[in-house]
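Okay, so here's the structure we're looking at.
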Amino acid sequence: MLGFAPAPGRPLFVLFGSSIVQFSFSNGGWGAALADIYARKADILLRGYIGWNSRRALQVIDKIFPKDSPVQPSLVIVYFGGNDSVAAHSSGLGPHVPLEEYIDNMRKIADHLKSLSEKTRVIFLSCPPLNEETLRKSTSTVLSEIVRTNETCRLYSEACVSLCKEMDLKVVDLWNAMQKRDDWATACFTDGLHLSEEGSKIVVEEILRILKEAEWDPCLHWKAMPTEFGEDSPYDLVSSSGQSTVNPSDWTFHRTIQWD
């Protein structure tokens, strides 16, 4: 049993998925951006597993998210699908999961997460597109041929979005969100598959949009959440008048992007 132990009273956000989640704290990733945005507001916990598919995630979900944990997450952001969509290998080995089973697995993952508590919210990320040519050039020769196509990514993305509509879940449609940029194929990936800083910016924007628009109680958008130990203090920086202090708790000047 893993369970969670966030700071007392501070909400817990868990990022759960495959390499797009595991790598989300690297190279200006979206997980690192969320951790900065939610500094002193929520703890961002990474549960990312490179190479995993929905089948493997379902095998251990009770260990990662035990129902009897004394602390349950306020938000779980889930991404699986890219590895599921890889073409089946002739040996029967590998990450491929047939589309109908993928849908069923994701439904079971959603049901489990929704059952953790009345206040646990869930956002799914659908399968993003990929740059097939760049990916072919960057794939290691240690591996057998890996067949990934944009067409299968589209099918798995659409299946995820449809499932979320059916289950009344929030979803980021990464397949379409990425392709709103004309240069998405070169700008959004480091190797044709995994997200660059530019690709991660899109993920953050879409997640924040959902959190701002969702009619959840409590609201989980960062601007609506209290800042931990944000009260004024005589130990804050002294103002130019020399007669008072200035509370810096909610300053965001250090960010190159002023997130909404």
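Per-residue answers, yes or no, for (1) open to solvent by 30 Å² or more (accessible area, probe 1.4 Å); (2) within 18 Å of C160 (Cβ to Cβ); (3) basic (K, R); (4) in contact (Cβ under 8 Å) with a residue 40 or more places away in the chain:
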{"position": "P11", "(1), (2), (3), (4)": "yes, no, no, yes"}
{"position": "L15", "(1), (2), (3), (4)": "no, yes, no, yes"}
{"position": "F25", "(1), (2), (3), (4)": "yes, no, no, no"}
{"position": "D36", "(1), (2), (3), (4)": "yes, no, no, yes"}
{"position": "L45", "(1), (2), (3), (4)": "yes, no, no, yes"}
{"position": "P66", "(1), (2), (3), (4)": "no, no, no, yes"}
{"position": "V78", "(1), (2), (3), (4)": "no, yes, no, yes"}
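Among the listed residues L193, L220, identify the single one that is in a loop (DSSP other than H, G, I, E, B), closer than 20 Å to P73 by Cβ, among the hydrophobic types (A, V, I, L, M, F, W, C) and touching a Leu at 6+ places or on another chain (Cβ under 8 Å).
L220
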I'd like to check something: does the stretch 229-241 contain any residue that is out of contact with any Gly (no Cβ under 7 Å at 6 or more places or on another chain), closer than 20 Å to R10 by Cβ, open to solvent by 30 Å² or more (accessible area, probe 1.4 Å) and outside any loop (DSSP other than H, G, I, E, B)? no
Of everything in the stretch 149-197 that's hydroxyl-bearing (S, T, Y) and over 19 Å from the mean Cα position of the chain (by Cα), which residue is most open to solvent (accessible area, probe 1.4 Å)? T186
Among (1) surrounded by 19 or more Cβ atoms within 10 Å (Cβ to Cβ); (2) among the small types (G, A, S); (3) touching a helix residue (DSSP H, G or I) at 6+ places or on another chain (Cβ under 9 Å), A87 falls short only on (1)
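Residue by residue, here is whether (1) at pLDDT below 95; (2) closer than 23 Å to G9 by Cα holds:
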site: D182; (1), (2): no, no
site: T190; (1), (2): yes, no
site: K201; (1), (2): no, no
site: E205; (1), (2): no, no
site: A214; (1), (2): no, yes
Can you work out which of the residues in the stretch 242-260 that are of a type in the set (A, V, I, L, M, F, W, C) and under 30 Å from V203 (Cα atoms) is most open to solvent (accessible area, probe 1.4 Å)? F253
Taking the stretch 196-217 and keeping residues in a loop (DSSP other than H, G, I, E, B) and free of Cβ contacts under 8 Å to residues at least 60 places away in the same chain leaves E215, D217
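Are any of the residues in the stretch 52-64 open to solvent by less than 10 Å² (accessible area, probe 1.4 Å), within 26 Å of K212 (Cα to Cα) and of a type outside the set (G, A, S)?
No, because not a single residue in the stretch 52-64 is open to solvent by less than 10 Å² (accessible area, probe 1.4 Å), within 26 Å of K212 (Cα to Cα) and of a type outside the set (G, A, S).
The values are calculated or read from the model by the stated rules, or taken from the named source; none is laboratory data. Keep in mind it's a predicted model, so treat the numbers as computed, not measured. All Cβ positions, glycine included, derive from the backbone under ideal geometry; neighbour counts span all protein chains shown. SASA here: full protein model, heavy atoms, side chains in, ligands and nucleic acids out. Shrake-Rupley method; radii C 1.70, N 1.55, O 1.52, S 1.80 Å.
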